[in-house]
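Visitor: Quick one: structure below, then a few questions.
The values are calculated or read from the model by the stated rules, or taken from the named source; none is laboratory data. All of these numbers come straight from a predicted model, not from anything done at the bench. Cβ sites come from the backbone with ideal geometry, for glycine too, and all protein chains shown count toward neighbours.
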Amino acid sequence: MKIKNLKQLGQLAKIVRQSQSLDQSTAGLLSGNGLTFMSQFENGKETVEIGRVLKLFEQLGIELSIDLPPAIEDKFLDKIKKIKDD
């Protein structure tokens, strides 16, 4: 799925959360977030913290991937390959 804005990302998380029979409060608690964050994110608030979104996605089992532009030079691709999980 191609995501064009934060509202779509929040809606996707909401659908996955609901498919797991989790309410916002429970999903927030399990991911270290609160009810306010959950509501704001699912409603597309543009200023939610990406780290909190990633924690929620991990809890929900959602994996993100990035499609890089096709014209990236090899020397930059080598740098990208060296990026490791912290």
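Visitor: Name every residue in region 39-86 that is of a type in the set (K, R), at pLDDT 95 or above and assigned to a loop (DSSP other than H, G, I, E, B), in order of residue number.
Guide: The one that is of a type in the set (K, R), at pLDDT 95 or above and assigned to a loop (DSSP other than H, G, I, E, B): K45.
Visitor: Consider L12 against the criteria (1) in contact with a helix residue (DSSP H, G or I) (Cβ under 8 Å, 6 or more places away or on another chain); (2) under 30 Å from K81 (Cα atoms); (3) surrounded by 12 or more Cβ atoms within 10 Å (Cβ to Cβ); (4) of a type in the set (A, V, I, L, M): it satisfies all of them except one. Which criterion is unmet?
Guide: So L12 meets the others, but not (1).
Visitor: Follow-up. Using beta carbons and a limit of 7 Å, which pairs, at least six apart or on different chains, have the first residue in region 50-65 and in contact (Cβ under 8 Å) with a residue 12 or more places away in the chain and the second one surrounded by fewer than 13 Cβ atoms within 10 Å (Cβ to Cβ) and of a type in the set (A, V, I, L, M)?
Guide: Qualifying pairs under 7 Å: F57/L64.
Visitor: Right, something else. Give me the residue from region 43-57 that is of a type in the set (D, E, K, R) and closer than 17 Å to K4 by Cβ and, out of that set, surrounded by the most Cβ atoms within 10 Å (Cβ to Cβ).
Guide: Looking at residues that are of a type in the set (D, E, K, R) and closer than 17 Å to K4 by Cβ, I get K45.
Visitor: Under 6 Å by Cβ, and 6 or more places apart or on different chains, what pairs join a residue from region 20-33 that is within 14 Å of E58 (Cα to Cα) and surrounded by 18 or more Cβ atoms within 10 Å (Cβ to Cβ) with one that is at pLDDT 95 or above and of a type in the set (D, E, K, R)?
Guide: Listed pairs, sorted by first residue: A27/R17; S31/K55; N33/R52.
Visitor: Return the residues of region 35-46 that are without any contact (Cβ under 8 Å) to a residue 12 or more places away in the chain and within 13 Å of the chain's Cα centre (by Cα); say none if nothing qualifies.
Guide: Listed by number, the list is empty, since nothing qualifies.
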